[in-house]
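Below you'll find the structure, written out as structure tokens, and then a few comments.
The numbers here are math on the coordinates, done by the rules we state, and not lab data. Not measured: the values here are computed from a predicted model. Note that each Cβ is placed from the backbone with ideal geometry, even for glycine, and that neighbours are counted across all protein chains shown.
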Amino acid sequence: MQTILGSTGQIGEVLAKELYDNYTTDIRLVSRKPKKIHESDQFVAADLLNFEETNQAISGSDVVYFTAGLPMDSALWEEQFPIMMENVITSCISNKSKLVFFDNTYMYQKDNTPQTEESPFRPLGRKASARAKIAQLLLDKLATKEIEAVICRAPEFYGPDRTQSFTNTMLFDNVKNGKTLRVPLTDNTVRTLIWTPDASRAMALLGNTEDAYGQTWHLPCDESKTYSELIELTQTILQKELSYTVIKMWQFRVGSLFSHRLKEMQELLPRYQVDNKFISDKFKKRFPNFEVTTFEKGITQLLSEKV
């Protein structure tokens with residue numbers, strides 16, 4: 001049995017399909033309001049803030065994928081993520097289940113230092129501190145060998161369906177809607193983005209690779225590009241000119257006075273002022289046959305979606 005916690009999210013849904021197609025049909029989907037994807041799927045409604053519900057959802061699982069997220073709200077992250085992680089870790093230990101944790105890069109230093117699996121945690125901001133805390137909770141358990149687990153870390157998303165990120169919202173959604181593209185802070189710093197289906201496929205592969213456990217893995221990405229290069233590539237794909245504007249820091253700050261979401265995203269902005277180089281060479285070397293979606297292929301597919 002392989003169980004997905006957070007099965008209705010973008011990562012969880014594609015993960016379920018990947019597991020079914022290539023690894024196992026014995027799948028349990030867990031969320032507050034789970035939905036079947038395949039006829040053979042089990043589904044369990046559970047609140048990960050409740051230990052008994054979490055333990056029941058994990059019971060009988062060989063592998064557990066923790067992909068559940070929370071709304072972009074610092075107070076929620078500080079209050080709820082540690083409880084969720086403690087409940088999941090304790091339940092996995094109790095049930096002798098392996099854990100595959102989907103993580104992000106918020107805890108890394110927000111400068112142009114290339115990010116590797118060995119990069120130290122230097123969180124700046126409430127959400128970054130919350131993510132560092134839960135990652136460290138799992139790392140501490142790994143160090144004492146109390147749990148068999150793997151950490152899968154991904155940079156900013158871009159991708160199809162309900163994928164949410166600065167880049168999807170400000171760039172590609174506006175392309176599809178015929179609006180002026182908006183670029184955060186600067187168009188000439190390098191960005192590393194991951195195609196969301198690649199993140200799910202890579203997670204499934206790591207979860208079903210025995211020697212991957214006990215480690216942190218950076219999930220595979222195409223070569224980094226600047227926003228200027230991404231826009232140029234998009235123009236080539238569409239065979240038409242696109243106009244864009246660069247949104248300055250002061251404009252985000254003004255917007256944050258009227259938008260809670262923009263206020264919550266303020267701590268993420270410094271990473272857009274400098275090159276962001278997320279290195280996934282470790283994964284690519286270990287899994288040389290994994291096909292990483294190129295920006296050209298990903299953007300082509302993304303722009304073919306109906307608005």
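Quick check: from the Cα gyration tensor, does segment 31-188 come out rounded (a/c under 1.5), prolate or oblate?
oblate
Using the alpha carbons of the chain, what is the convex hull volume per residue in cubic angstrom, as a whole number?
That works out to 130 Å³ per residue.
For the chain, with a Gaussian network of springs between Cα atoms less than 10 Å apart, report the residue from D198, D281, D21 with the top mean-square fluctuation.
Checking each option, the largest mean-square fluctuation is seen for D21.
With point charges of +1 on the Cβ of Lys and Arg and -1 on the Cβ of Asp and Glu, referenced to the Cα centre of the chain, which listed residue (V292, P34, L238) lies farthest in the positive direction of the dipole?
L238
How big is the charge dipole of the chain about its Cα centre, in debye rounded to the nearest 20, if each Lys and Arg gets +1 on its Cβ and each Asp and Glu gets -1 on its Cβ? Working shown, then result.
Working: 37 positive and 40 negative charges, 156 e Å.
It comes to approximately 740 debye.
Please list 3J(HN,Hα) in residue order for segment 291-304, calculated via the Karplus relation 6.51 cos²θ - 1.76 cosθ + 1.60 where θ = phi - 60°; whole Hz, with x for glycine and proline.
Ordered by residue, 3J(HN,Hα) equals 8, 7, 5, 6, 4, 4, 5, x, 5, 4, 5, 4, 7, 7 Hz.
Using a Gaussian network model of the chain whose springs link C-alpha atoms within less than 10 Å, name the residue from A57, A154, A143 with the highest mean-square fluctuation.
So, out of A57, A154, A143, the one fluctuating most is A143.
Rounded, prolate or oblate: which one fits segment 232-299, using the alpha carbon gyration tensor with axes a ≥ b ≥ c (rounded when a/c is under 1.5, else prolate when a/b beats b/c, else oblate)?
oblate
Test of the criteria: in segment 198-297, which trypsin sites (Lys or Arg not before Pro) are in a DSSP loop and have at most 11 other Cβ atoms within 10 angstrom of their Cβ?
Passing both the DSSP loop test and the Cβ count: K240.
Of N168, L219, N208, which is farthest along the charge dipole of segment 157-222 in the positive direction, counting Lys and Arg as +1 and Asp and Glu as -1 at C-beta?
N168
Assign one of three labels to segment 173-212, namely rounded, prolate or oblate, based on the Cα gyration tensor with a ≥ b ≥ c the square roots of its eigenvalues; rounded applies when a/c is under 1.5, prolate when it is not and a/b is larger than b/c, and oblate otherwise. Please report the intermediate quantities before stating the final value.
Values: a/c = 7.37, a/b = 2.29, b/c = 3.21.
Judged from the Cα gyration tensor, segment 173-212 comes out oblate (a/c at least 1.5, b/c at or above a/b).
Could you list the residues of segment 67-95 with an amide nitrogen less than 15 Å from a label point located 7 Å from the Cα of R162 in the Cα-to-C-beta direction?
Inside the label zone: 67-72.
Between Q273, Q109, Q251, which gets the highest mean-square fluctuation from a Gaussian network model of the chain, Cα cutoff 10 Å?
The residue that fluctuates most here is Q251.
Under a Cβ-Cβ cut-off of 13 Å, what is the net charge of the residues other than D111 that fall near it, where Lys and Arg count +1 and Asp and Glu count -1?
+3
Taking Cα pairs under 8 Å and at least six residues apart, what relative contact order does segment 1-132 come out at, in percent?
22
Counting other C-beta atoms within 10 Å, and keeping those with at most 14, which DSSP coil trypsin sites (Lys or Arg not before Pro) do you find in segment 86-115? Don't jump to the answer; show the numbers that get you there.
Working: sites: K96, K98, K110; in loops: K96, K110.
Qualifying residues, ordered by number: K96.
Could you pull out every one of the aspartates and glutamates with an alpha carbon less than 12 Å from that of K248, ignoring same-chain neighbours closer than 8 positions?
D187
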